[in-house]
Amino acid sequence: MKELVEVIAKSIVDQPEEVFVNQVEGEKSVIFELSVADDDMGKVIGKRGRIAKAIRTVVKAAATKEGKKVIIDIQ
C-alpha cells in the first residue's frame, strides 16, 4: 500500500522526486505520512480537500483486504 500512495502522489505533483512516504504500523492500523514539496502541497490536497479525500478513499479500499484501518497524514 505504501507503493500505491507513492504512485498516486508522484503522478499528481510537479516535483515527484520530493515525494516521500513513511509507513508506521500498529496492531490494527497503518499510518502513512506523505511528504511533498511545499509548492505541490496544494495539488495533493486539492480544492476543499477533494484530492486528499480521493487518495484516502482509494487506499482505504485497498486496505480492506488486510482488515486494517489506514490513516494518511499529509505533511
For Glu27, are the conditions met, namely being of a type outside the set (A, V, I, L, M), outside any helix (DSSP H, G or I) and more than 15 Å from Ile72 (Cα to Cα)? yes
Return the only residue of Glu27, Glu66, Glu33 being among the acidic types (Asp, Glu) and either surrounded by 15 or more Cβ atoms within 10 Å (Cβ to Cβ) or at pLDDT 95 or above (or both). Glu33
Complete set of residues in segment 1-40 that are small (Gly, Ala, Ser), farther than 15 Å from Ile55 by Cβ and touching a strand residue (DSSP E or B) at 6+ places or on another chain (Cβ under 8 Å): Ser29
Does segment 52-74 contain at least one residue that is touching a Lys or Arg at 6+ places or on another chain (Cβ under 7 Å), more than 16 Å from Val19 (Cβ to Cβ), touching a residue at least 24 places away in the same chain (Cβ under 8 Å) and assigned to a strand (DSSP E or B)? yes
So which residues in segment 39-51 are charged (D, E, K, R) and either touching a residue at least 12 places away in the same chain (Cβ under 8 Å) or within 12 Å of Met1 (Cα to Cα) (or both)? Asp39, Asp40, Lys43
Looking only at residues in segment 30-51 that are among the aliphatic types (A, V, I, L, M) and in a strand (DSSP E or B), which one is farthest from Lys10 (Cα to Cα)? Val30
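The values are calculated or read from the model by the stated rules, or taken from the named source; none is laboratory data. Worth saying up front: this structure is predicted, and the values here are computed from it rather than measured. All Cβ positions, even for glycine, are placed from backbone atoms using ideal geometry, and neighbour counts span all protein chains on display.
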